[in-house]
Amino acid sequence: MTSFCLVHGAWHDATCWDPVVDALRAVGHDVVAPDLPFHDPATTFDQRVEPALRAIAGLADPVVAVGHSMGAGYAPAIAASRGGSPLVYLCPGLGPLRDGFPWPPARADATCEWDRAAAIDALYPRLAPEVAARLADHLRPMAPAAGGRPPSRPPAGSTAVVVSLDDELFDPASERAAAREKLGVAPIEIPGGHFPMAEDPAALAALLDRLAREAAP
């Protein structure tokens, strides 16, 4: 049994992880998927991480921190809080956005928010309509953290980078190169788009289970 903390990305909430949570729990793992306040422009980096630190307080070590997209910027702090627990960057955006990606415009308070139909077209083109609709129902604004993010430090524990080969937001070649240059890691490449937790949750859960076993002492 392993403990997992699954961190959602921008515009989404913890419900995007529900199928993976169920799959990991079905094979005996302890799993939490906290909601982080990425929608609130007044919250600092530390305030955004705090719900995750509370969520893992009762979990046994090691806690595998899995950060998806924007959440990958916060997962290292979660892993570091537990003595360098294993870390998984999932579709992390280590490099630039794809050219032409229709990022929604920022508002006066620095938040940005998707039109529902535009989000379904841009973010979820590979997903079944009912799955895309469920994710879209939970969309909310996104804002950068107040005060910015602290400088990143090399992870102390084992680190994996997972790149989706048809990621709608990030070019796999750029992600591949950035994983090697920034983290010294050869990425794991999987089929599918930016939301593997919704496109193929069983396969993602199996991969996370394998990575946890490989990282175990």
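The values are calculated or read from the model by the stated rules, or taken from the named source; none is laboratory data. It should be emphasised that the depicted structure is a prediction, and the values quoted were computed from it without experimental measurement. Every residue, glycine among them, receives a Cβ derived from its backbone with ideal geometry; neighbour counts consider all protein chains shown. The area values use the complete protein model at the heavy-atom level, side chains included, leaving out ligands, DNA and RNA. Shrake-Rupley method; radii C 1.70, N 1.55, O 1.52, S 1.80 Å.
Within the bounds of segment 170-178, is there any residue that is open to solvent by 40 Å² or more (accessible area, probe 1.4 Å) and either of a type outside the set (G, A, S) or within 24 Å of L36 (Cα to Cα) (or both)? Scanning segment 170-178, I find at least one residue that is open to solvent by 40 Å² or more (accessible area, probe 1.4 Å) and either of a type outside the set (G, A, S) or within 24 Å of L36 (Cα to Cα) (or both), so the answer is yes.
Once segment 82-100 is narrowed to residues that are in contact (Cβ under 8 Å) with a residue 40 or more places away in the chain and out of contact with any helix residue (DSSP H, G or I) (no Cβ under 7 Å at 6 or more places or on another chain), the residue that is farthest from E50 (Cα to Cα) is R98.
In this structure, does L183 turn out to be open to solvent by less than 80 Å² (accessible area, probe 1.4 Å), modelled with pLDDT under 95, closer than 18 Å to S69 by Cβ and not basic (K, R)? Working first, answer last.
On the way: open to solvent by less than 80 Å² (accessible area, probe 1.4 Å): yes; modelled with pLDDT under 95: yes; closer than 18 Å to S69 by Cβ: yes; not basic (K, R): yes.
Yes; evaluated as a whole, the condition is true for this residue.
Take the conditions (1) open to solvent by 70 Å² or more (accessible area, probe 1.4 Å); (2) at pLDDT 95 or above; P217 misses just one of them, which is (2). The C-beta contact set for segment 18-30 (first residue closer than 12 Å to M1 by Cβ, second residue in a helix (DSSP H, G or I), distance under 8 angstrom, 6+ apart or interchain) comprises L24/A205; L24/L208; L24/D209; V27/A205; V27/D209; H29/D209; H29/A212.
For A80, the criteria (1) at pLDDT below 95; (2) open to solvent by less than 10 Å² (accessible area, probe 1.4 Å) hold in every case but one, which is (2). The set of residues from segment 173-217 being in contact with a Pro (Cβ under 9 Å, 6 or more places away or on another chain), in a loop (DSSP other than H, G, I, E, B) and under 17 Å from A72 (Cα atoms) comprises G184, P187, G193.
Taking the listed residues G83, G71, G100, G58, the one that is under 25 Å from V163 (Cα atoms), of a type in the set (G, A, S) and part of a loop (DSSP other than H, G, I, E, B) is G100, with no other qualifying.
In segment 123-131, is there at least one residue being under 18 Å from H8 (Cβ atoms), in contact (Cβ under 8 Å) with a residue 40 or more places away in the chain, surrounded by 19 or more Cβ atoms within 10 Å (Cβ to Cβ) and not hydrophobic (A, V, I, L, M, F, W, C)?
Pass one, segment 123-131, residues under 18 Å from H8 (Cβ atoms): 123-124, 127, 131.
In the following step, the residues that additionally are in contact (Cβ under 8 Å) with a residue 40 or more places away in the chain were identified as 123-124, 127, 131.
Remaining after also requiring surrounded by 19 or more Cβ atoms within 10 Å (Cβ to Cβ): 123-124, 127.
Applying the additional criterion that residues be not hydrophobic (A, V, I, L, M, F, W, C) yields 124.
Within segment 123-131, one or more residues are under 18 Å from H8 (Cβ atoms), in contact (Cβ under 8 Å) with a residue 40 or more places away in the chain, surrounded by 19 or more Cβ atoms within 10 Å (Cβ to Cβ) and not hydrophobic (A, V, I, L, M, F, W, C).
The C-beta contact set for segment 42-65 (first residue over 12 Å from A79 (Cβ atoms) and in contact (Cβ under 8 Å) with a residue 12 or more places away in the chain, second residue of a type in the set (G, A, S) and open to solvent by less than 30 Å² (accessible area, probe 1.4 Å), distance under 7 angstrom, 6+ apart or interchain) comprises T43/A145; T44/A145; F45/A145; R48/A145; L59/S3; A60/S3. Return a yes/no flag: does segment 112-124 have any residue that is closer than 22 Å to P196 by Cβ, assigned to a helix (DSSP H, G or I) and touching a Cys at 6+ places or on another chain (Cβ under 7 Å). The answer is no; no qualifying residue exists. Filter segment 1-52 down to the residues that are open to solvent by less than 60 Å² (accessible area, probe 1.4 Å), outside any loop (DSSP other than H, G, I, E, B) and closer than 29 Å to A106 by Cα and list them by number. Of everything in segment 1-52, those that are open to solvent by less than 60 Å² (accessible area, probe 1.4 Å), outside any loop (DSSP other than H, G, I, E, B) and closer than 29 Å to A106 by Cα turn out to be L6, V7, A14, T15, C16, W17, T44, F45, R48, V49, P51, A52. The criterion of being closer than 27 Å to T44 by Cβ and among the small types (G, A, S) does not hold for A177.
Taking the stated definitions as given, is G73 in contact (Cβ under 8 Å) with a residue 40 or more places away in the chain and under 12 Å from the mean Cα position of the chain (by Cα)?
Details: in contact (Cβ under 8 Å) with a residue 40 or more places away in the chain: yes; under 12 Å from the mean Cα position of the chain (by Cα): yes.
Taking the combined requirement at face value, the residue satisfies it.
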